[in-house]
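Engineer: I have a structure I would like to understand better, so I am pasting it below and will then ask my questions one at a time.
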Amino acid sequence: MRLLFASHSAELAGAELCLVTLVQTATARGHTGVVSVPRNGPLVGLLGQYKSSFRVVITPVRPWMGRRFLGPVAFIRLVQALAGLFTFRRLLKNEHFDLVVVNTAVIPAPLLAAKAAGIRSLLIVRESLMTNPTLRCALPRRLVRWLLFRWATKVITNSDYISRQFSHLSRMIYPELSNEHFVRSPCRPHPLVASPLRAVMLGTLSFEKGQTDAVRALAKVRDMGVTIHLDIYGHGSKREVERLHRAILRLGLHELVTIHPPTSNPKRAFERADVSIVCSRNEAFGMVTAESVLSGTPVVGYDRGGTSEILGYGGGVLVAPEPASLAKALVDLDKDRNSLARLAADCEGSAIRRLLVGSPDRVLDFVESVPGIRSS
């Protein structure tokens, strides 16, 4: 088949890394096509290894949902997002595609263009459409959900949590992790009782991801007489980065908390840590949670959204979404290293490993089964 994959971002967050895995799998199956990205960025470079099968094109596109989409701004952004229809219409007119695969629910233009051109489309919903406060839109959320359902030929949701939110007919398939995450981690030594624990946190630096909550929790941990080091990996807006730095300095944690750029090797970052922290309140699935468990590193996570779903299979501790509860869980693990070792063993036996294996192939199987398209 000839496929068009549409991305809303050129960064390398969870959704974009899933897209890379899909392109890799599609290439292995002999499919060809185009990947559209809104601008140049790290994603373009990573996709370059598949350029013999999938060409990358820069296709400016605007989201219709975002954190600051309030009042008149929201309507302006909505118009800009819908205007992207014409850009994608030109792309569809110049190329022959059997199917358009849209990697997110936040850009309506490629779905609309496919609908207008009579080309079938597959939407992959990777967002908490109904509960995430950072996904604001000029339209009511229920209308957004209904429009997405009407415009897309088929819909995949990436967790049971999102399936319940989307409510319309869809197929749930867990996200597409690359094979490197399923390589069994070597047995790591039990953390010495006398040595401070090392925690890690991966993800976009933002209010929703909760890095500031983790920093506040670490201050409470210190006040309880326990030392834990925290490495934070991720990128964010200048405003978010400055806010996080101010919190670290204000709480006197500059010797305990280190902020790093995004890592190209998350598995290695997890394996260097004793525990990972997830403070998202509306995670659709939680790639970093799953990657941490697959790496053998237990997770202390907020009992919300996809984090609850993943850790329900084992490999971590769920806590109330507040710094105090997070701090208590970390202190308990520091004082009981045997419990930490048992959680690490639970990671190895977690059923999420079995449920995630082969996910890219399940997505491509679904792609190839969409009625009305030819398979080659």
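Engineer: So what J values fall out for segment 223-236 if you push phi through Karplus, 6.51 cos²θ - 1.76 cosθ + 1.60 with θ = phi - 60°, rounded to Hz, Gly and Pro as x?
Structural biologist: 5, 8, x, 10, 10, 9, 8, 10, 9, 10, 10, x, 10, x
Engineer: Amide H to amide H under 5 Å from residue 316: which residues, 5+ apart in sequence or cross-chain, H placed 1.01 Å off N in plane?
Structural biologist: So residue 316 has HN proximity to 299.
Engineer: Beyond 23 Å, what percent of the Cα pairs of segment 109-228 remain?
Structural biologist: So the portion of pairs separated by more than 23 Å is 56 percent.
Engineer: Something else now. Once the Cα atoms of helix 71-94 and of the chain are each reduced to a long axis, what angle between those two axes, in degrees from 0 to 90 to the nearest 10, is obtained?
Structural biologist: 50
Engineer: With every protein chain present, what accessible area does residue 228 have (1.4 Å probe, heavy atoms only), rounded to the nearest 10 Å²?
Structural biologist: Ignoring ligands and nucleic acids, residue 228 comes out at about 0 Å².
Engineer: Each residue of segment 288-303 in turn: what ³J(HN,Hα) in whole Hz from Karplus with 6.51, -1.76, 1.60 and θ = phi - 60°, glycine and Pro shown as x?
Structural biologist: 5, 5, 5, 5, 5, 4, 5, 7, x, 9, x, 10, 10, x, 5, 7
Engineer: What relative contact order, as a whole-number percentage, does segment 103-182 give when Cα pairs under 8 Å and 6 or more residues apart are counted? Don't skip to the answer; put the middle values down first.
Structural biologist: On the way: 98 pairs, mean separation 23.4, N = 80.
Normalised by residue count, the contact order of segment 103-182 is 29 percent.
Engineer: Which ³J(HN,Hα) values, rounded to whole Hz and listed in residue order, are derived for segment 132-145 from phi using the Karplus coefficients 6.51, -1.76 and 1.60 in 6.51 cos²θ - 1.76 cosθ + 1.60 with θ = phi - 60°, glycine and proline given as x?
Structural biologist: The phi angles translate into 6, x, 7, 9, 9, 8, 5, 9, x, 4, 4, 5, 4, 4 Hz.
Engineer: Could you sort 325, 280 by their accessible area in this structure, using a 1.4 Å probe and putting the largest first?
Structural biologist: The ordering from most to least exposed comes out as 325, 280.
Engineer: Shifting gears a bit: Ignoring ligands, DNA and RNA, what percent of the accessible area of the chain is carbon or sulfur (1.4 Å)?
Structural biologist: Carbon with sulfur: 55 percent of the solvent-accessible area.
Engineer: Enumerate the amide H contacts of residue 121 below 5 Å, restricted to partners 5 or more residues apart or on another chain; note that Pro and chain-start residues carry no placed amide H.
Structural biologist: Residues meeting the criterion, in which the H sits 1.01 Å from N, are 100, 153, 154.
Engineer: Just how far, in whole angstrom, is segment 41-87 from segment 300-374 if you go by their alpha carbon centroids?
Structural biologist: Segment 300-374 and segment 41-87 have Cα centres spaced 30 Å from each other.
Engineer: Just reorder 64, 146, 151 by solvent-accessible area, largest first, 1.4 Å probe, all chains present.
Structural biologist: Largest accessible area first, the list is 146, 151, 64.
The values are calculated or read from the model by the stated rules, or taken from the named source; none is laboratory data. Everything numeric here is computed off the predicted structure, so don't read it as measured data. Each accessible area value is taken on the protein alone, full model and side chains, heavy atoms only, with ligands, DNA and RNA left out. Shrake-Rupley method; radii C 1.70, N 1.55, O 1.52, S 1.80 Å.
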